[in-house]
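Reviewing the structure listed below.
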Amino acid sequence: MGQRTALRSAVRQAVEYDLVELVRLRALLFDHLGGDFFDPSTADDDWLDTLAVVLKEQLASDTVRILVVDGDGDGLAACGIGTVEQRLPGPHLHNGRIGQVIGVVTDPAHRRRGHSRAVMEGLLDWFRDQEVARVDLYASHEGEPLYRELGFTPHPDPSLYWRP
């Protein structure tokens with residue numbers, strides 16, 4: 001499947017023309033995560049407009065990489081976003097640079113074709129080029145096997161959050 005997948009999963013960097021589709025895919029991501037924390041039905045749709053503005057800004061950022069796979073003439077099949085953050089260096093983080101994968105998502109009509117793997121491999125190559133010391137992500141139940149195959153392991157720190 002390796003070469004066939006690579007041919008079907010041509011990954012490219014997103015451009016401004018992709019914004020509507022990026023917003024659509026990002027909304028799909030939250031539809032499938034479920035639970036009280038991610039349930040989009042508890043919020044209004046204002047976040048979609050804000051998302052479009054932020055994505056447009058991030059397309060030009062050196063610390064963000066948005067990768068996409070084109071569908072079969074019907075919009076985008078998949079996308080994934082990576083960011084690099086400069087934190088303070090330490091013994092476990094020599095240069096202080098951390099990568100974060102933010103939402104790899106494939107349209108349901110295009111799943112099981114290797115698109116998420118291709119996007120992730122492209123992001124990991126970019127993270128290497130950015131000389132990050134570590135890459136973090138939050139995995140969905142469905143995505144976890146892929147991330148483990150790519151070398152991701154459980155994070156030693158507990159994941160907590162706070163909302164003001």
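The values are calculated or read from the model by the stated rules, or taken from the named source; none is laboratory data. Everything numeric here is computed off the predicted structure, so don't read it as measured data. Here the Cβ positions follow ideal geometry from the backbone for every residue, glycine too, while neighbour counts run over all protein chains shown. SASA here: full protein model, heavy atoms, side chains in, ligands and nucleic acids out. Shrake-Rupley method; radii C 1.70, N 1.55, O 1.52, S 1.80 Å.
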Task: Projected label distance in nm at residue 88 and residue 16, using a 7 Å step from Cα toward the beta-carbon - done: 4.0 nm
- [ ] Based on the mean of other Cβ atoms within 10 Å per residue, sort peptides 129-141, 152-164 so the most packed one is first.
- [x] 129-141, 152-164
- [ ] Assuming R0 = 25 Å, can you tell me the calculated FRET efficiency for the pair residue 144 and residue 50, based on Cβ-Cβ distance, to the nearest 0.05?
- [x] 0.30
Task: Per residue accessible area of the chain, 1.4 Å probe, in Å² - done: 64 Å²
Task: Helix runs (DSSP H) in the chain reaching 15 Å along axis by Cα, Kyte-Doolittle at least 1.0 - done: 19-33
Open item on the list: Taking θ = phi - 60°, what integer Hz values does the Karplus form 6.51 cos²θ - 1.76 cosθ + 1.60 yield along region 77-87, in sequence order, with x for Gly and Pro?
Closed with: 8, 7, 8, x, 10, x, 10, 10, 10, 8, 10
Task: Rounded if a/c under 1.5, otherwise prolate or oblate - the chain, Cα gyration tensor axes - done: rounded
Task: Nonlocal amide H pairs with residue 96, under 5 Å, H built at 1.01 Å - done: 90
Open item on the list: Mean-square fluctuation check for the chain, GNM, Cα pairs under 10 Å: which of 52, 78, 118 is largest?
Closed with: 52
- [ ] May I ask you to give the percent of accessible area on the chain that is carbon plus sulfur, with a probe radius of 1.4 Å?
- [x] 53 percent
